[in-house]
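Notes follow once the structure below has been shown.
The values are calculated or read from the model by the stated rules, or taken from the named source; none is laboratory data. Note that this is a predicted model, so its numbers are computed, not measured. Positions of Cβ are backbone-derived with ideal geometry, glycine not excepted, and every protein chain shown enters the neighbour counts. All accessible areas refer to the heavy atoms of the entire protein, side chains included, with ligands and DNA or RNA removed. Shrake-Rupley method; radii C 1.70, N 1.55, O 1.52, S 1.80 Å.
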Amino acid sequence: MKELRFFSVFWLHQAAAMLSFAAVVGIGLLVTRNPENLFGVYARMFPVFVLIFPAVLTLSGRSVRDVALTFGAKRMKCYAVRELLGTMLLVLLLAAAAVLDKLLLLVPDGGEHTFGLTAGGAVLIFMFAFAAQQTAFLLEQVKGGKARGILLGVLMAALMGGGMMAYLLIGSRFGQSKSIEMGIGNPFWVGAVLLAAVAAAVMAAAAAFAERKAVVSV
């Protein structure tokens, strides 16, 4: 598929940049063995980047999509390819966050600074990041500074921040309390994941509808 080849070049640059950044952070952490320096801070902050960067990079791909359309690419195929590649990037960044979280345990006193990214926590962050990403797909359909665009921008930011707050509150990461298990046995975790899933489904459906409508209006 020509759309996949076209967008893969752009995607590879994004993925390489983000994973290179994660690698530098990991290597710097292991070399300095100091969880409180800049490398340590970025290592434990990486799950926050997972919530932010996929949505932001989705918005930055709008101009690439427009170029593809001028070359005769199909709009809905572009959308499907960007959804696929965007999800793949999200998974890669989440994997990098998990690796950096484990590397913190290898340095002195690193366990006190680790984010504590469990499997359940990773699922929670993925769902909120995915919902924010779908909102970004819909937001790029809004031209100018319309109220709808402002509302979607606020919603996208709320999903990013909401994902982090949900993780911190459900996992009791405030203070020194022991992290509560995040999984199907925790009703708060289940509720947060379902909320993010519903938001992602609604935003994805709205974004797909907007793309189809744009095809008709061209």
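Do we find a residue being more than 16 Å from the chain's Cα centre (by Cα) and part of a loop (DSSP other than H, G, I, E, B) anywhere in the stretch 15-34? Checking the stretch 15-34: at least one residue is more than 16 Å from the chain's Cα centre (by Cα) and part of a loop (DSSP other than H, G, I, E, B). Cβ-Cβ distances below 8 Å connect no pair with a first residue in the stretch 190-212 that is more than 19 Å from VAL154 (Cα to Cα) and touching a residue at least 24 places away in the same chain (Cβ under 8 Å), a second residue that is exposed (fewer than 14 other Cβ atoms within 10 Å of the Cβ) and among the charged types (D, E, K, R), and a separation of six or more residues or different chains. Every listed requirement among (1) open to solvent by 40 Å² or more (accessible area, probe 1.4 Å); (2) touching an Asp or Glu at 6+ places or on another chain (Cβ under 7 Å) is met by ALA17 save one, (2). The condition of being closer than 25 Å to ASN34 by Cα, touching a His at 6+ places or on another chain (Cβ under 7 Å) and open to solvent by less than 20 Å² (accessible area, probe 1.4 Å) holds for only one of LEU100, LEU104, that being LEU104.
When each of LEU89, LEU84 is tested for being in a helix (DSSP H, G or I), over 14 Å from GLU211 (Cβ atoms) and open to solvent by 30 Å² or more (accessible area, probe 1.4 Å), the lone residue that passes is LEU84. If you go through the stretch 124-149 and keep only what is in contact with a helix residue (DSSP H, G or I) (Cβ under 8 Å, 6 or more places away or on another chain), in a helix (DSSP H, G or I) and surrounded by fewer than 17 Cβ atoms within 10 Å (Cβ to Cβ), you end up with just GLY149. Scanning the stretch 70-81 for residues that are among the hydrophobic types (A, V, I, L, M, F, W, C) and assigned to a loop (DSSP other than H, G, I, E, B), we see that the one that is most open to solvent (accessible area, probe 1.4 Å) is PHE71.
Applying the set (1) closer than 19 Å to THR135 by Cα; (2) modelled with pLDDT of 95 or more to ALA22 leaves exactly one unmet item: (1).
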